Amino acid sequence: MATAAPIFVFEIRYVIELILLVFALVLEGVALVHAITQRSDAFAAIGTLPKGGWIAILGVCLVLTLVGFGVLSIFGLIGIAAGLIYLLDVRVGLRDLHDGKGSW
């Protein structure tokens with residue numbers, strides 16, 4: 001009897017999904033904590049969504065990823081995208097606003 005995949009393929013898949021889940025939860029958690037600790041008028045100054053909007057988006061994504069939809073579901077992928085957009089775009093804008101190095 002021949003099999004197409006090794007016996008341990010499910011364990012490897014489980015470990016990869018667990019690593020991705022931990023990465024997604026850390027990413028979304030860091031983005032949410034950073035959004036909570038910022039001043040609300042700074043979000044309007046850089047021309048992005050208000051603070052409450054970012055907190056709602058990141059919080060819902062974190063909960064949906066944590067509840068059990070998983071990181072490979074559409075909700076998990078949207079959560080990773082929202083966390084990356086916040087950390088790579090909004091956080092940089094907020095940092096430049098506080099440093100005084102922004103182009104505005």
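For region 1-56, the candidate set comprises residues that are polar (S, T, N, Q) and not in a helix (DSSP H, G or I); within that set, the residue that is farthest from the chain's Cα centre (by Cα) is Thr3. Looking across region 57-104, the residues that are in a helix (DSSP H, G or I), hydrophobic (A, V, I, L, M, F, W, C) and in contact (Cβ under 8 Å) with a residue 24 or more places away in the chain come down to Ile57, Leu58, Cys61, Leu62, Leu66, Ile80, Ala82, Leu84, Leu87, Val90, Leu94, Leu97. For region 81-102, the condition of being exposed (fewer than 11 other Cβ atoms within 10 Å of the Cβ) and among the basic types (Lys, Arg) holds for at least one residue.
For every residue, the table says whether it meets (1) at pLDDT 90 or above; (2) in contact with a strand residue (DSSP E or B) (Cβ under 9 Å, 6 or more places away or on another chain); (3) surrounded by 11 or more Cβ atoms within 10 Å (Cβ to Cβ); (4) farther than 30 Å from Leu97 by Cα.
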residue	(1), (2), (3), (4)
Thr3	no, no, no, yes
Ile7	no, no, no, yes
Val26	yes, no, yes, no
Gly29	yes, no, yes, no
Arg39	yes, no, yes, no
Gly47	no, no, no, no
Lys51	yes, no, yes, no
Ile57	yes, no, yes, no
Phe69	no, no, yes, yes
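The values are calculated or read from the model by the stated rules, or taken from the named source; none is laboratory data. In this text, all values refer to a predicted model and were calculated from it rather than measured experimentally. Glycine gets a Cβ as well: all are built from the backbone with ideal geometry, and neighbour counts include every protein chain shown.
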